[in-house]
Every structure is written in structure tokens, then in C-alpha cells.
Amino acid sequence: MPEKVIPIRPASGFRQSGTAPLREPYAGGKFVDTLGRPLRDLRISVTDRCNFRCVYCMPRDVFDENYEFLPQASLLSFEEIARVAKVFVSLGVEKIRLTGGEPLVRRDLERLVGMLSPLGVDLTLTTNGSLLAKKARALKLAGLKRITVSLDSLEDATFKAMNDADFPVAKVLEGIDAAAEAGLSPLKVNMVVKRGVNDDQVVDMARHFRGTGHIVRFIEFMDVGSTNGWRMDDVIPSAEIVRRISAEFPLAQADPDYRGEVAERWKYADGKGEIGVISSVTQAFCSDCNRLRLSTEGSMYTCLFGQQGHDLRTLLRSGASDESLRDEIVAVWRARGDRYSELRTAETARVSKVEMSYIGG
Ligand code: SF4
């Protein structure tokens, strides 16, 4: 029997109404956006800072030494994040990804992990790996389930050209080993592929992690934010990436693990594992997008390419009840109609959009 869609009152500022039990319309996430998509995946940015300056995310000419990052007081505290996360989980969220900037530069992040772990969701984190060797074990002990590490090349010169921080590959590989040893699994490795910069190394990256159990996901270069100088010419379509790898290591397409999975899965025909491709530019996947992003200041973004956030922090800091938070979240999600990647043009790519380092990937 199809789910009955129950219209709700639009959120009109918050309502001081105490902590009434969860009302039926919201129980278990029985609400969808205007395109019929449920809310299942929450990405929480815990900092806008990073120790890298990846050219496709935080180009140094913009995020230079004079760039003013957010003051500590404007960031959601761990207690606020944990409270909001609990409300999201009561609304049907099944997966929480901690992001940034670089989440591991936020002090004592394992304390936040420990506060979120009792929620019983698929708790994961995306990191550039620079601090992972030191932190992996503590994160695992705190309750982190798995991890994704960004690594755009195995060659130091190219890697440094991409992260613009003079940081060696070896240290990231050390972090990956430490995470695997700590039991963070499955471990995924994200490689953003840019034509003429690192696209000649996709087969090397596949070869390096083949048979290790780690899953490399090759990501098409995207027009996130408004500072990375994106051009369609710099994009290597995922189909081309699959073709290149398959020429050396035959691949067969695999079914998604779940509805809304971002990466398209390809298994090695010889059973030595799999890769993924994330094709926001050439094969949009908005129709199943069940992701909401919470900025480090507590604003909700319903799309990675969003222009406007929905402030939750003011509610949080002015004594609103959990019910009021739920009303606000549900109202924002129900009104959502985002499908940017399906509508992308050269013109939309030039429109000012929120920076990925502010809301996480
Ligand atoms: S472009 Fe926006 S709506 Fe489409 S998949 Fe990405 S985040 Fe979701």
C-alpha cells in the first residue's frame, strides 16, 4: 500500500511547545520531498578549515592567508550537533557522514563520534588522510564504522599539485593502513579526476588498491562552489575512466548496494574487488538523492550546489524544542526540489553557489 502523504503546516518560525512525543506524520521519516525522495543521508560539516588547498575545492588564491574562517563561537558545538543529529535520526536518517573542510583538524573529534555512535546509524567520515595515522584507532574506539580518504594521485608531484599543500602521498597511505588496521571498513578512496592534471593516473590508482579490499571511487571534476574555475573541458567522463581501467583489468557493472548510492559500482571480472565512479556531470543521479548537508554553522543545504541554506542554529540557540526542530527540518525537506546536476549548463556553472568546504562534499 503506497505511503499516505500527509500535508504539514509550513514551518512558520519556531513554536515554543515543549517536547511532545513524536507525532505520526514524522515517525520513521514518512515524508518525502517534492520529487518523492526520502531523507536518509545526513552530511555534517564540523569545520570550514583545512590543512590542504585542493585546487577543486579550496583554491589558494581565494583561501589565502588573509581568508577569514569562521569564529569558533559560530560553529555548532558537539552537543548541538549531537542533539540535531538525534532529531534527524528520529526523522529517518540512517547514515551520518562527518565532513569539513578537513574534519580531523577539529579538536577532539572522537568525542563527537562517541556522542553520535549510540544513534546506531551508519557513521562514517571523509578525510584527506593527513592526520589519520594518528587518529584512526581513537575514532574506531569511539564508534566510527568506516571511512573515506581523498587521494588524488600516488605521485608526489601530481598530488602536491592537486592539494597545493606540499603534503606527501606516503603519509596519506600510512593513514589508510592505520585505518585498515584499526578496523575501519569498508575503506573507500576518493580520487577527483581532472583532465591534464591526474587523469593519466587512474589505471595506476586502480592497480595500487586492486585486491586490497579498499574501494577506489573516481569522481568527475565538478563545478562545486564558485572558486575552482570549473570548465567542462577539464572533465573526464566516468565512462572513459571505466573504459581505461577495463582495458587492463576487465570490469563488470554491479548493482547498487542501496537506493540513492552515489557511486556506480564496477567489479573486477577476476574477483579482485571493485571500483566506483561518481558521475555528477555526465550521469546525474539526482532522482534518488536523499542527502541533506548541515553546514558547520548549522544551516541546512538540500543540494551540494545550493545557493541558500536554512538556518537551524537560531532555533537551537533560542530554546526551541525538538519538535520545533523536527517541524523545521520536515518543512525544508518537503519543499525541496533540487536536481542541479540534471539542469547543469555552462551558465549555471557560473552562478554563485555555496563552497564545498563550507558544507562538505
Ligand atoms: S546535484 Fe544536488 S540534488 Fe543532485 S545528486 Fe547532487 S546534491 Fe543531490
Criterion: in contact with an Asp or Glu (Cβ under 9 Å, 6 or more places away or on another chain) and open to solvent by less than 20 Å² (accessible area, probe 1.4 Å) - qualifying residue of 92, 175, 100: 100
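Checking the structure you have, find out if any residue of the range 33-46 is open to solvent by 50 Å² or more (accessible area, probe 1.4 Å) and either aromatic (Phe, Trp, Tyr) or over 17 Å from the mean Cα position of the chain (by Cα) (or both). It would help to see each step written out before you state the result.
Step one: filter the range 33-46 for residues open to solvent by 50 Å² or more (accessible area, probe 1.4 Å), giving 34-35, 40.
From what is left, the residues that are either aromatic (Phe, Trp, Tyr) or over 17 Å from the mean Cα position of the chain (by Cα) (or both) are 34-35.
Yes, that holds for at least one residue.
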Subset of the range 207-223 (residues that are within 22 Å of the chain's Cα centre (by Cα) and more than 21 Å from residue 349 (Cβ to Cβ)): 209, 213, 214, 215, 216, 217
Complete set of residues in the range 261-276 that are within 14 Å of the ligand (Cβ to nearest atom) and either more than 19 Å from residue 225 (Cβ to Cβ) or in contact with a Cys (Cβ under 8 Å, 6 or more places away or on another chain) (or both): 261, 263, 264
Check on residue 204, of a type in the set (Asp, Glu), open to solvent by 10 Å² or more (accessible area, probe 1.4 Å) and touching a Leu at 6+ places or on another chain (Cβ under 7 Å): yes
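Given the residues 122, 108, 156, 164, which is the only one that is at pLDDT below 95 and either open to solvent by 40 Å² or more (accessible area, probe 1.4 Å) or aromatic (Phe, Trp, Tyr) (or both)? Break it down stepwise before answering.
On the way: 122 fails: at pLDDT below 95; 108 fails: at pLDDT below 95; 156 fails: at pLDDT below 95.
Going through 122, 108, 156, 164 in turn, just one is at pLDDT below 95 and either open to solvent by 40 Å² or more (accessible area, probe 1.4 Å) or aromatic (Phe, Trp, Tyr) (or both): 164.
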Identity of the residue in the range 136-153, of a type in the set (Ser, Thr, Tyr) and under 16 Å from residue 171 (Cβ atoms), that ends up least open to solvent (accessible area, probe 1.4 Å): 153
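Of a type outside the set (S, T, N, Q), modelled with pLDDT under 95 and part of a loop (DSSP other than H, G, I, E, B): does that describe residue 9? Spell out the reasoning first.
Numbers: of a type outside the set (S, T, N, Q): yes; modelled with pLDDT under 95: yes; part of a loop (DSSP other than H, G, I, E, B): yes.
So residue 9 fits the description; yes.
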Which numbered condition residue 151 fails, given (1) closer than 27 Å to residue 72 by Cα; (2) at pLDDT 95 or above: (1)
Of residues in the range 277-289 being within 15 Å of residue 259 (Cα to Cα) and in contact with a Phe, Trp or Tyr (Cβ under 9 Å, 6 or more places away or on another chain), the one farthest from the ligand (Cβ to nearest atom): 278
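Go through the range 290-315 and give me each residue that's within 16 Å of the ligand (Cβ to nearest atom) and out of contact with any helix residue (DSSP H, G or I) (no Cβ under 9 Å at 6 or more places or on another chain).
Here is the first cut: in the range 290-315, the ones within 16 Å of the ligand (Cβ to nearest atom) are 290-295, 299-310.
Those that are within 16 Å of the ligand (Cβ to nearest atom) and out of contact with any helix residue (DSSP H, G or I) (no Cβ under 9 Å at 6 or more places or on another chain): 290, 291, 307, 308.
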Residue in the range 322-352 that is farthest from the ligand (Cβ to nearest atom), counting only those that are open to solvent by less than 40 Å² (accessible area, probe 1.4 Å) and in contact with a Cys (Cβ under 9 Å, 6 or more places away or on another chain): 336
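Is there a residue in the range 69-77 that is on the phi > 0 side of the Ramachandran plot and surrounded by fewer than 17 Cβ atoms within 10 Å (Cβ to Cβ)?
no
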Test: residue in the range 128-135 that is touching a Pro at 6+ places or on another chain (Cβ under 6 Å) and either within 30 Å of residue 245 (Cα to Cα) or surrounded by 17 or more Cβ atoms within 10 Å (Cβ to Cβ) (or both): no
Test for residue 189: is it buried (at least 17 other Cβ atoms within 10 Å of the Cβ), aliphatic (A, V, I, L, M) and under 16 Å from residue 214 (Cβ atoms): yes
Residue, nearest to residue 353 (Cα to Cα), within the range 224-277, restricted to residues that are touching a strand residue (DSSP E or B) at 6+ places or on another chain (Cβ under 7 Å) and in a helix (DSSP H, G or I): 234
Residue selected from the range 51-98 under the condition free of Cβ contacts under 8 Å to residues at least 12 places away in the same chain and in a helix (DSSP H, G or I), by the criterion farthest from the chain's Cα centre (by Cα): 73
Flag if residue 199 is charged (D, E, K, R), touching a Cys at 6+ places or on another chain (Cβ under 8 Å) and surrounded by 15 or more Cβ atoms within 10 Å (Cβ to Cβ): no
Tally, over the range 248-277, of residues that are charged (D, E, K, R), more than 14 Å from residue 211 (Cβ to Cβ) and open to solvent by less than 80 Å² (accessible area, probe 1.4 Å): 3
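The values are calculated or read from the model by the stated rules, or taken from the named source; none is laboratory data. Computed from a predicted structure; not experimentally measured. Cβ atoms come from the backbone with ideal geometry, glycine included; neighbour counts cover every protein chain shown. Calculation scope for accessible area: heavy atoms of the full protein, side chains included, ligands and nucleic acids excluded. Shrake-Rupley method; radii C 1.70, N 1.55, O 1.52, S 1.80 Å.
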